[in-house]
Structures are given as C-alpha cells and as structure tokens.
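Asker: The structure's right below; bear with me while I get my questions together.
No lab work stands behind these numbers, since they all come straight from the coordinates. Just so you know, these numbers come straight off a predicted model, no measurement behind them. Ideal geometry is used to build each Cβ from the backbone, glycine not excepted, and the neighbour counts take in all protein chains shown.
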Amino acid sequence: MGIYLSTPKTEKFSEDGENDRLRFGLSSMQGWRSTMEDAHAALPDLDTSTSFFGVYDGHGGKVVAKFCAKYLHQQVFRHEAYTAGDIGTSVLKSFFRMDEMMRGQRGWRELAVLGDKMNKFSGMIEGLIWSPRSGDKTDQVDDWAFEEGPHSDFPGPTSGCTACVAIVRENQLVVANAGDSRCVISRNGQAYNLSRDHKPDLEAERDRILKAGGFIHAGRVNGSLNLARAIGDMEFKQNKFLPAEKQIVTANPDINVVELCNDDEFLVLACDGIWDCMSSQQLVEFIHEQLKSESKLSVVCEKVMDRCLAPSTAGGEGCDNMTMILVQFKKPSAESACASSVDKSSTASDEVQDDSKPADL
C-alpha cells in the first residue's frame, strides 16, 4: 500500500464554535495518505479574553502532533510571561518546552499513550484525528516532574511536527510558526501571510543547518527532512555544544504580532496539504466566494478540502493530509485604522520573495 491508499479517505472531522468576539470552523481529512498525522487545537476561550488556535502537521508518525495539540496551549497559559501579558514570550518558550517534555521517562510514557492504542474506556482507536475540546481545562497543576525508570534516558521522538499557532486577545493577534504550515489573514479581500514556510533552502535556515554540522541534499535536511524547523525530530537536535535555537532542526518559532483593525475579516491556519494546492490569495478568494452562500465555517473548510483533493496520486499535490481552521472576526474590538506594517522583530530574515513570506500589512 505504501504511503498512499488505493482510494482516499474523504470522511472529515469538523467542528464549529464561537464566543462574543469571533467564531470558528475547522475540518481535517486523511485523504490519500495511509495514516492521518495531523492534529489541531481550537479553544475560543483559553481565558476570558483570549482565544487559541493551532495546527500541527506530523511527519514520521502522529504522536508529536497529538502531543502538541494536547499540551502546547496549556504551557502557553501556564507560563509566567502569559500572566504578565507577554503572549509572544510565553508561546515561544512553550514551543521549546514541547521538546523538553517529550524526553525522559514521562515523555516516553505519554507518547506511547498517544500512539496507535485502543482506548480501554471508549473502545475506539486512539485519535486518528486529535483535538482538545473547547471546554478542556487549562488550569490543572502540572509541573512535569522528572521520573526515574527504564526510559529515563529517552532522548525524545525521532518523529516530529510543524506547529502554527494563532492567539487572539482583544485587538492583538500573535502568530507563532515553526515549519511549513501557514497562517494567513484576509484584510479587505487581500491575503497577507503572517508566517513564513521554513524550508531548508532559505538562507537563514541553510546557514544554521550547516553551522550545526548538518547538510542539505535534494532540498532536505541531511537528505531526509524537507523542513528546517519542527517540534520533535530529536535526531537533529543532538549537538550538546549548541543551544536549542541553533540546532540543525529547531523548534524556535517565528513570532509575528499584529494589531487587528476594522478591515480584518478572517484568519486561516492550515497545513501544507492545503498550501501545496492553493496560494494564500487563491484560498482567501475561494473562502470569500463560499461565504456568500454558506454561513457554517466548518462547511467552508470542507469545501476547500474537496477542492484540493487530487483525483489520483499521480501528481503528488492534493494527496496529503489536510487540516484547516477558519476564524472569522465578529466585529473589530475597537474602531481602529489598520496599521501600516506588522511587527516582525522576531521573524527570520526577509530574503524570501515568494508566497511563503510574511507580508507587510
């Protein structure tokens, strides 16, 4: 059977939700792939004023994506910087924290639980698609204490995942990204990328990879991974003389902070299974057209996947797992004019001139 099925699995996991500030719809579809390795998180009420959305695209297995969908937003919420109002720092630290938590005895145990195991309570196969429910609590005490045991020296998973996260608090939007999932905002019908696709051939990525002792072959890190940043993939993070942000592959996210305004209509987070088939502008235009006749946002997401699904596996594009979250702003939080630019103080260098580059707003 290989990496592709003989016929695609077109059943979709879809969900809708809302609060007084925004509404969202999401959908995930396995498609032609032999396994579903995407996961996501959609919590419109992370706290009373904050919404959290994340897309996690796994590779080499599903467990790291599921781990992030379960724990990353909890770590953001619990970090001291979050309490102080510094969302950017809290989410940055939480990306690195995922790698730390997946090491050792407890990390090994948790990844084993999130694997392909039968749930003894429900009788269902564990999480072909994993998503925390919007009512999940984030205030449980969990310091992830060190545990001794037969797997205490577990270095972490060799599989990994991309992570693209959007956090909305009042007028502020914070986007964090590591990998090639993407966040796009529609402003007056124009698509603006709020994240950059971290591919090995980008100059900043290539420089880090080579300095850390890695190489690039056929557009892949060490000839195997077609991403330059990811959570997990611990085999690429073993240089004991370098900090986490300078390893061959790093979980270090670009952070983009945007002030929302009246012209902002909706936000899209999606894995590369969508972006391989449609440009950011094409997707924004497609969504605008669908919203003329469809009010349920999850249905709009489903239509995007049907549009992207390839008729066969011959071409490669349209054959990947697909996950998409569509967030529509109900009304601007303030009568504000759009800012002239995006705060890109934490983003990578701007040498890219393609659709993956974060644009000035």
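Asker: With point charges of +1 on the Cβ of Lys and Arg and -1 on the Cβ of Asp and Glu, referenced to the Cα centre of segment 270-313, which listed residue (Ser280, Gln290, Pro311) lies farthest in the positive direction of the dipole?
Answerer: Value computed over the given set: Gln290.
Asker: Right, next: Measuring from label point to label point, each 7 Å out along Cα→Cβ, what is the Leu291 to Asp306 span in nm?
Answerer: Here the modelled spin labels are 2.0 nm apart.
Asker: Equivalent-ellipsoid semi-axes (√(5λ), Cα gyration tensor) for segment 256-322, whole Å, largest first? Let's see the in-between values first.
Answerer: Values: eigenvalues 118, 46, 17 Å².
Square roots of five times the eigenvalues give 24, 15, 9 Å.
Asker: Only loop residues by DSSP count here, and only those with at most 13 other Cβ atoms within 10 Å; note down the trypsin sites (Lys or Arg not before Pro) in segment 218-266 that meet that. Don't skip to the answer; put the middle values down first.
Answerer: Numbers: sites: Arg220, Arg229, Lys237, Lys240, Lys246; in loops: Lys237, Lys240.
In loop regions of segment 218-266 (DSSP not H, G, I, E or B), the sparsely surrounded trypsin sites (Lys or Arg not before Pro) are Lys240.
Asker: Then there's this: Hey, with R₀ at 51 Å, roughly what FRET efficiency would Gln190 and Asn239 work out to, going by the Cβ-Cβ distance, to 0.05?
Answerer: On the way: r = 42 Å, r/R0 = 0.82.
Result of the calculation: an efficiency of 0.75.
Asker: Rank these for me by crowding, Ile216, Ile274, going from fewest to most other beta carbons within 10 Å.
Answerer: In increasing order of surrounding Cβ atoms, one gets Ile216, Ile274.
Asker: Most exposed first by the Cβ proxy, i.e. fewest other Cβ within 10 Å, how do Leu26, Leu225 rank?
Answerer: Details: Leu26 27, Leu225 20.
Least crowded to most crowded, the residues run Leu225, Leu26.
Asker: Right, next: What percent does the relative contact order of segment 170-264 come to when contacts are Cα pairs within less than 8 Å and at least six residues apart? Mind dumping the intermediate values first?
Answerer: Working: 167 pairs, mean separation 33.6, N = 95.
After rounding, I find 35 percent.
Asker: Take Tyr4, Tyr82 and order them by how many other Cβ atoms sit within 10 Å, fewest up front. Let's see the in-between values first.
Answerer: On the way: Tyr4 15, Tyr82 23.
Least to most surrounded, the residues fall as Tyr4, Tyr82.
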